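Report on one structure; see the data block that follows.
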Number of protein chains: 2
Amino acid sequence: MKVAFQGEKGAFSEEACNKFFEFPDTIPFDTFEEVFTAVTAGDCAYGLIPIENTLSGSIHQNYDLLIRNTLYIVGECFLRVRHCLIAFPGVTKQNIKVVMSHPQALWQCAGYLRDLEVITEPVYDTAGSVKLLKASGEYNKAAIASAKAAEIYGMQILETGIEDNPENYTRFLAIGQNSVALHGEEKTSIVFELRNQPGALFKALSVFALRDIDLTKIESRPLPGKPWEYRFYVDIIGALCDIRVGKALDHLGEYVLTLRVLGSYRRANME
Amino acid sequence: MKVAFQGEKGAFSEEACNKFFEFPDTIPFDTFEEVFTAVTAGDCAYGLIPIENTLSGSIHQNYDLLIRNTLYIVGECFLRVRHCLIAFPGVTKQNIKVVMSHPQALWQCAGYLRDLEVITEPVYDTAGSVKLLKASGEYNKAAIASAKAAEIYGMQILETGIEDNPENYTRFLAIGQNSVALHGEEKTSIVFELRNQPGALFKALSVFALRDIDLTKIESRPLPGKPWEYRFYVDIIGALCDIRVGKALDHLGEYVLTLRVLGSYRRANME
């Protein structure tokens, strides 16, 4: 079964694919947009995209792509992200002047990099930074990526777990063409637009609070072309087929301009 | 009066400084962190930082720096951001293979760049991308920045207003050591942490809704070390000295774990 992910082989997204799916055939793509396109076109059965990280926050581009495409969220998965400082074999930490990686990885290791007194260089991907390092042949540069990426490119790990805070988890969403209907404890992800008037968000959240439905995430994104108005993405505990959730969404319909269910899926645990 | 901003001379932040302050002596810094440090140390009277954009959304790093520092928000300012495609004199659009700029600018011009069929290269700053281009001497590269940046570095503007959506505004916050107390219509910015329990956010927002206090922005950021718990930044219409706002914040104190007022300041208009 083909599963699309963004990045080079050895990316954390590929590690998450192997955790979430059984024996996936992981297919790398340069951009998140291409992951959505591959699943929409049927070239891949599923895609797996990062949506938020406990240190650096939400990956906004994927929130925006969820709304611009018509795919469903079919599952979620948590991955503990352990960053490694990677360089050519024989190089020591004292040699390093420049460190390359994805901006989110650089941000997650900001304190460590400050102490190391190096220049940072943002690149498109974590595993890709190891590939670029290898191609550059530069011995005073290092990359930040997974241990797997170091192995794939035959490079040396100088230090493991260099993120500023060990509670470094990324939440991934599995996306597919069809919605799923599962038993057990589920989550439902929705997105809605509100009228720009006092109390609008309060009323929207009341439909869940009045029914004791737990809200696990709220994210606002700007509405293009409508300055200082926002679209809200909300995750709630409960399946779409749960009668309380159905009633809450009916009720929400009274307050919102638009409402879309992005998916109802099995809730992941942190292990 | 010295005002700190992030970026090179010709940055949109510098343009905003000139709009907000009367005859400021604008001082450039490499990072937002250095802007906060310069104001805290008293080297600059004020700093001006971007906080959100109508196309690309919030600048999370500055939300995080507001909480890590003890400065006050003393004002806000809106700037219409017009991006230019900039290259060496004599170069035409057909010559361009690579376009450099800050990731947020690349994101705001994503559709335009897709049609141009070029490779994008994220760098640290918009005006800085023009500086880098000039130093590189490469005629098949372009940068995205302000018209002012093109002028400063003696480069050519190939096209103006290349952002995907003309409603491209950035909201800036002025930060200083002392809080201000102004008359007229004001905004107050606060930040709070909630207990992780059902209905917590709903209760927090009720203190404003029950008093008809308008909420103009809500932003959540992860709490480092507490996976999937969040800190909320909220902007409301009303001054801190307004009795309704005071009562609302007293009431909010009953529901939150921590609460900090980041500042009460004059509300800007879009012109």
Looking at A:L66, A:L48 in this structure, which one is in contact with a Cys (Cβ under 7 Å, 6 or more places away or on another chain), closer than 28 Å to B:L106 by Cα and outside any loop (DSSP other than H, G, I, E, B)? A:L48
Every residue in the stretch B:35-72 that is acidic (D, E) and either under 21 Å from B:Y169 (Cα atoms) or at pLDDT below 95 (or both), please. B:E52, B:D64
Can you name every residue in the stretch B:82-102 that is more than 23 Å from the chain's Cα centre (by Cα) and either farther than 26 Å from B:E167 by Cβ or part of a loop (DSSP other than H, G, I, E, B) (or both)? B:A87, B:F88, B:P89, B:G90, B:V91, B:T92, B:Q94, B:N95, B:I96, B:K97, B:V98
Enumeration of residues in the stretch B:216-231 that are among the small types (G, A, S) and in a loop (DSSP other than H, G, I, E, B): B:G225
Restricted to the stretch A:136-172, and to residues that are in a helix (DSSP H, G or I) and touching a residue at least 40 places away in the same chain (Cβ under 8 Å), which residue is nearest to the other protein chains (Cβ to nearest Cβ)? A:A149
Check on B:F78, within 12 Å of chain A (Cβ to nearest Cβ), surrounded by fewer than 24 Cβ atoms within 10 Å (Cβ to Cβ), hydrophobic (A, V, I, L, M, F, W, C) and more than 24 Å from B:L259 (Cα to Cα): yes
Condition met for A:V234 (assigned to a helix (DSSP H, G or I) and under 28 Å from the mean Cα position of the chain (by Cα)): no
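Matching residues to (1) facing another protein chain (nearest Cβ under 8 Å); (2) out of contact with any strand residue (DSSP E or B) (no Cβ under 9 Å at 6 or more places or on another chain); (3) assigned to a strand (DSSP E or B):
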position: B:K203; (1), (2), (3): yes, no, no
position: B:L240; (1), (2), (3): no, no, no
position: B:R244; (1), (2), (3): no, yes, no
position: B:A248; (1), (2), (3): no, no, no
Inspect all residues belonging to the stretch A:111-121 and state whether any of them is over 21 Å from B:L106 (Cβ atoms), in contact with a Phe, Trp or Tyr (Cβ under 8 Å, 6 or more places away or on another chain) and of a type outside the set (D, E, K, R). no
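The values are calculated or read from the model by the stated rules, or taken from the named source; none is laboratory data. Nothing here was measured: the structure is a model prediction, and the numbers come from that model. Note that we place each Cβ from the backbone using ideal geometry, even for glycine, and neighbour counts take in every protein chain shown.
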